[in-house]
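Asker: Structure in structure tokens, see below.
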Number of protein chains: 2
Amino acid sequence: MRESGLGAIAVEPLAERLGTTKGSFYWHFKDRDALIHAALELWVEESDAMMSAAARITDPAERGRWLTEFAFTGPQGADISTTLLVNSTHPVVGPFLERVTEQRIAWGASLNEELGLAPEAARQHALAAWMVAVGIALVRRGAPQLLPQGDESDAFKRYIMELLRPRP
Amino acid sequence: MRESGLGAIAVEPLAERLGTTKGSFYWHFKDRDALIHAALELWVEESDAMMSAAARITDPAERGRWLTEFAFTGPQGADISTTLLVNSTHPVVGPFLERVTEQRIAWGASLNEELGLAPEAARQHALAAWMVAVGIALVRRGAPQLLPQGDESDAFKRYIMELLRPRP
DNA sequence: AGTTCTCCATACGCCACCGTACGGGAAGTC
DNA sequence: GACTTCCCGTACGGTGGCGTATGGAGAACT
């Protein structure tokens, strides 16, 4: 899913890639959707772990920077939000996406409140930041050559951080 | 493509939907990729038309607001950039996406220069604005319920406009 | 030692879609 | 009026994927 999206989760190609067969797969999983469900549960755990890791950073400003940093330099497709947004009509994907995203935005909003924003502004800002993160992830996947390279990459990252710095 | 992405461009379903048959299709188009190519050429024209329309707005600040407005309230999936970003590895899609996007960012950068930004900052800002636009489009498509509704929608729009206002 | 349970491979039918072959009618052309 | 060109429909083969049926080898239990 990270590499090639939801469509790449196909039973037969996966079995081939793992050197096994469909017979094995359908013993472990009811069907394809069950595999997707299991994968998304892993994603939820991962997402929780990331938030826990971030929560250990006591300085809220530093925490915000850490998150931006992650959006830029995290592993390719570290976050599958974009893939899920694209496939949000899928009956298994939709609920997961909504749950996790709502949680993340709420989390970001509370971070922004710590930084001195009023509740409404905090949520607006969290939404905006999330959109930027989604945009970055999508561009990194689809048109990375348009992103600044090398030294300019750092400069751009700082630019985004400054842009997203909450201003009470 | 607007409604359901690149994967929805399928010869047989399309023929069915148009009340015709594949035989007809393959007379007009060499193959599926040729149709995609033709569709993307339309998209380029549309994109050019949008930039021309925006160029008629003399006040650059007003022009920026108009573009943000468009990102929010334009027709659903008005811009297929997100779809194309997701399918950027497709041999027909990739070149189109790169060309149009590069052009748009350059266009945005020059707008930002008009507003008083230095060339590098202008380009950085245009990139940032493009990412926000992409993020908005993707969220509008995949999780519109997370966006503020009604009155709050306008407030959020203004918030984004303020966030993206170039600050020389 | 026999039985049951676990795990996996082979084989099959089904569906959706791509692209091609071919035929035939309608419309224009000489 | 014969001929060609345009446009489209039907039929076919091929590919890739899903899910099921079935059998079988080995482990585990009794």
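We did not get these values from a lab; they are worked out from the coordinates using the rules stated. Predicted model, so just to flag it, every value in this text is computed and none were measured. Reconstructed Cβ throughout: ideal geometry from the backbone, glycine too, with neighbour counts over all protein chains shown.
Asker: Under the definition of partner shielding as Cβ atoms of other protein chains within 10 Å of a residue Cβ, what is the mean value for peptide B:142-150?
Answerer: On the way: counts 15, 10, 1, 2, 8, 2, 4, 0, 0.
Mean shielding by partner chains, rounded to a whole number: 5.
Asker: Okay, helix-only estimate at 222 nm for the protein assembly as shown: each DSSP H run of n ≥ 4 adds -39500 (n - 2.57), divide by all residues, round to 500 deg cm²/dmol; what do you get? Numbers along the way, then the final one.
Answerer: Working: 16 runs with 236 residues, N = 336.
My calculation for the protein assembly as shown gives -23000 deg cm²/dmol from helical runs alone.
Asker: GNM, chain A, Cα, under 10 Å: largest mean-square fluctuation among A:Ala155, A:Ala133, A:Ala122?
Answerer: A:Ala155
Asker: What number, in percent, do you get for the relative contact order of chain B if the mean sequence gap of Cα pairs under 8 Å and at least 6 apart is divided by its residue count?
Answerer: Working: 114 pairs, mean separation 37.2, N = 168.
Contact order relative to length: 22 percent.
Asker: Provide the FRET efficiency to the nearest 0.05 for the B:Met50-B:Arg165 pair, computing r from the beta carbons and using R0 = 25 Å.
Answerer: Details: r = 21 Å, r/R0 = 0.83.
So the FRET efficiency works out to roughly 0.75.
Asker: Rounded if a/c is under 1.5, else prolate if a/b is larger than b/c, else oblate: which is segment A:97-155, with a ≥ b ≥ c the root eigenvalues of its Cα gyration tensor? Can you show the working numbers first?
Answerer: Working: a/c = 3.61, a/b = 1.77, b/c = 2.04.
Oblate.
Asker: Can you pull the mean other chain C-beta count within 10 Å for peptide A:81-87? Write down the numbers at each step before the final one.
Answerer: On the way: counts 4, 7, 2, 2, 9, 9, 3.
Mean shielding count: 5.
Asker: A follow-up question, please. Taking the Cα centre of segment B:87-165 as origin and charging only Cβ (+1 Lys, Arg; -1 Asp, Glu), how large is the dipole, in debye to the nearest 20? If you can, show how the numbers build up before the last one.
Answerer: Working: 8 positive and 9 negative charges, 46 e Å.
Approximately 220 debye in magnitude.
Asker: To the nearest 20 debye, what charge dipole does chain A have about its Cα centre, counting +1 at the Cβ of each Lys and Arg and -1 at the Cβ of each Asp and Glu? Walk me through the numbers before you get to the answer.
Answerer: Details: 17 positive and 22 negative charges, 34 e Å.
The calculation lands at about 160 debye.
Asker: For B:Ala133, what is the net charge nearby, where nearby means another residue's Cβ is under 14 Å from its Cβ and Lys, Arg count +1, Asp, Glu -1?
Answerer: Values: positive: B:Arg65, B:Arg104, B:Arg140, B:Arg141, B:Lys157; negative: B:Glu69, B:Asp79.
Value of the local net charge: +3.
Asker: Taking every Cα atom in the protein assembly as shown, find the radius of gyration and the maximum pairwise distance Dmax, and write them in Å.
Answerer: 21.2, 66
Asker: Can you give me the angle between helix A:32-55 and the longest principal axis of chain A, using Cα atoms only, in degrees from 0 to 90, rounded to the nearest 10?
Answerer: 30 degrees
Asker: Hey, in the GNM for chain B with a 10 angstrom Cα cutoff, which one of B:Leu14, B:Leu85, B:Leu40 fluctuates hardest?
Answerer: Maximum among the listed residues: B:Leu14.
Asker: Tell me the Kirkwood radius of segment A:41-168: reciprocal of the mean inverse pair distance over distinct alpha-carbon atoms, in Å. Present the calculation step by step, with values, prior to reporting the outcome.
Answerer: Details: mean 1/r = 0.0653 Å⁻¹.
Its Kirkwood hydrodynamic radius stands at 15.3 Å.
Asker: Restricting everything to alpha-carbon atoms, can you work out Rg to Rh for segment B:89-131 with a Kirkwood hydrodynamic radius? Walk me through the intermediate numbers first.
Answerer: On the way: Rg = 12.0 Å, Rh = 10.7 Å.
Radius of gyration over Kirkwood radius for segment B:89-131 works out to 1.12.
Asker: Then there is this: Could you please report the charge total around A:Met161, scoring K, R as +1 and D, E as -1 over all other residues with beta-carbon less than 9 angstrom from its beta-carbon?
Answerer: Working: positive: A:Arg65, A:Lys157, A:Arg158, A:Arg165; negative: A:Glu69, A:Glu162.
Local net charge: +2.
Asker: Give the lysines reachable from A:Lys30 as a straight Cα distance under 30 Å; neighbours fewer than 8 places away on the same chain don't count.
Answerer: Correct list for A:Lys30: A:Lys22.
Asker: With the dipole of the protein assembly as shown worked out from charges on the C-beta (+1 for Lys and Arg, -1 for Asp and Glu) around the Cα centre, which of B:Ser153, A:Ile57, B:His37 lies farthest toward the positive end?
Answerer: Selected residue: B:His37.
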